[in-house]
1. Can you tell me how many residues in region A:59-104 are polar (S, T, N, Q), over 22 Å from residue A:219 (Cα atoms) and touching a helix residue (DSSP H, G or I) at 6+ places or on another chain (Cβ under 8 Å)?
2. Could you please let me know if residue A:38 is at pLDDT 85 or above, touching a helix residue (DSSP H, G or I) at 6+ places or on another chain (Cβ under 9 Å), more than 24 Å from residue A:111 (Cα to Cα) and more than 10 Å from DNA strand B (Cβ to nearest atom)?
3. Looking at A:63, A:12, A:17, which is the one that is under 30 Å from residue A:96 (Cβ atoms) and either more than 8 Å from DNA strand C (Cβ to nearest atom) or out of contact with any Asp or Glu (no Cβ under 6 Å at 6 or more places or on another chain) (or both)?
4. Evaluate region A:76-89: report whether one residue or more is in a loop (DSSP other than H, G, I, E, B) and not assigned by TED's automatic domain parsing to the domain that holds residue A:270.
5. With the structure loaded, tell me whether residue A:22 is within 11 Å of DNA strand C (Cβ to nearest atom) and open to solvent by 40 Å² or more (accessible area, probe 1.4 Å) or whether it fails that test.
6. Would you say residue A:94 is within 16 Å of DNA strand B (Cβ to nearest atom), open to solvent by 50 Å² or more (accessible area, probe 1.4 Å) and not aliphatic (A, V, I, L, M)?
Amino acid sequence: MTIDDIAGALGVSKTTVSRAISGNGRIGAETRERVLEYIRCHNYRPNLVAKGLAKQRTYNIAVVWPGDYTSFDLPFFQRLLIGINSYLSERDYDIIIAVDVGNDYTSLKRIVDNRKCDGVILTRTLKRDKTIAYLQQEGIPFVTVGSCNDASVTQIDNDNRGACCELTQILLAKGYKRLVLIGGPSDQVVNEQRYEGFTDAYIRAGASPEEGLAYMDVVDDMHLHTVLSDIIKRHVDGIVCMDDYLAAQTLIKCHTDEIRIPEDIKLASFYDSSALRNSVPSITSIRFDDHALGEEAAKAILQKLDGCVPRNEKLRQYNVVLRESTQ
DNA sequence: CGAAGCTGAGAGGAAGATAG
DNA sequence: CTATCTTCCTCTCAGCTTCG
């Protein structure tokens, strides 16, 4: 059934049917109700492809998923994606996933070149982000989940710097002065912000982190193993991991080397994934509302498509959840 | 005469159908 | 084989009719 069929059945023009559905343009209340009643009785659904043709829209949003995500990052991405989808699906938009690694945007480019999406949501940002530069050059509306230095980019983000600072401050206040930070690729803005938060906490405590106790760019198990061996030799008070994969590997390494957590060394992480929430011991972590983060990103991209300039949201709040690993 | 209510025509992209 | 319609469905501009 099309609006033409409805128009024929009710003896009005298809324009009138269209106006009754959209609510745009002049139409009598009685005529409108007659059309809507007919639609209700006959389960009519407008053809979105035809609507897209008329409105020059695809009703798809591309979401860029970093292909190098680990299984421990997945819960974050899953919650984020569900948040994005719950907002978009209520407004007849769908998601297309583009899987790209680092600064390679081949997958996204194919989607954009084939005009399969109206806008793009990036789920992380890099310090020199070529994907952002590409989208700016192409003039494609986009928002980032994650911060970047370009103020013209609409950015939605958790307060990673503040969260890492507060977590570190809590550990310092407990008397754990020699803390180590382990982080992933430093070209990811999120990791840099967490590093800054870590050093902020020391500065606020009137101290500075011990030289060489921040291990960045830990990207594979071999490297992590070497780092952990080094850390254990240095007899530090605690380890702060920038993600749950690193924390999980640290747990395994400590168990193998018969180092007890929290008796011999404290351990804290990010993301609050269920694997570490329920591990023995349970791991102190940061809790963000990733679902709401996704909804906000989706809202912002639809605002951009409608020609609004969404204000750059303030950083989203968090909770530090203290558990057995830092007692 | 002007506002309200409505209609006709055409645009939009891609693929299939038809004419030359 | 190439070029030119035609079709799919919806939206919207421009314009028509009706009525107070």
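1. 2
2. yes
3. On inspection, the qualifying residue turns out to be A:63.
4. No, every residue in region A:76-89 fails to be in a loop (DSSP other than H, G, I, E, B) and not assigned by TED's automatic domain parsing to the domain that holds residue A:270.
5. The answer is yes for residue A:22.
6. No; evaluated as a whole, the condition is false for this residue.
Yes or no, residue by residue, for (1) among the hydrophobic types (A, V, I, L, M, F, W, C); (2) at positive phi; (3) in a loop (DSSP other than H, G, I, E, B):
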position	(1), (2), (3)
A:24	no, no, yes
A:36	yes, no, no
A:46	no, no, yes
A:51	no, no, no
A:54	yes, no, no
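The values are calculated or read from the model by the stated rules, or taken from the named source; none is laboratory data. Quick caveat, the model's predicted, so the values are computed rather than measured. For neighbour counting, all protein chains shown are included, and Cβ atoms are generated from backbone atoms with ideal geometry for every residue, glycine included. With ligands, DNA and RNA removed, areas are computed over all heavy atoms of the protein, side chains included. Shrake-Rupley method; radii C 1.70, N 1.55, O 1.52, S 1.80 Å.
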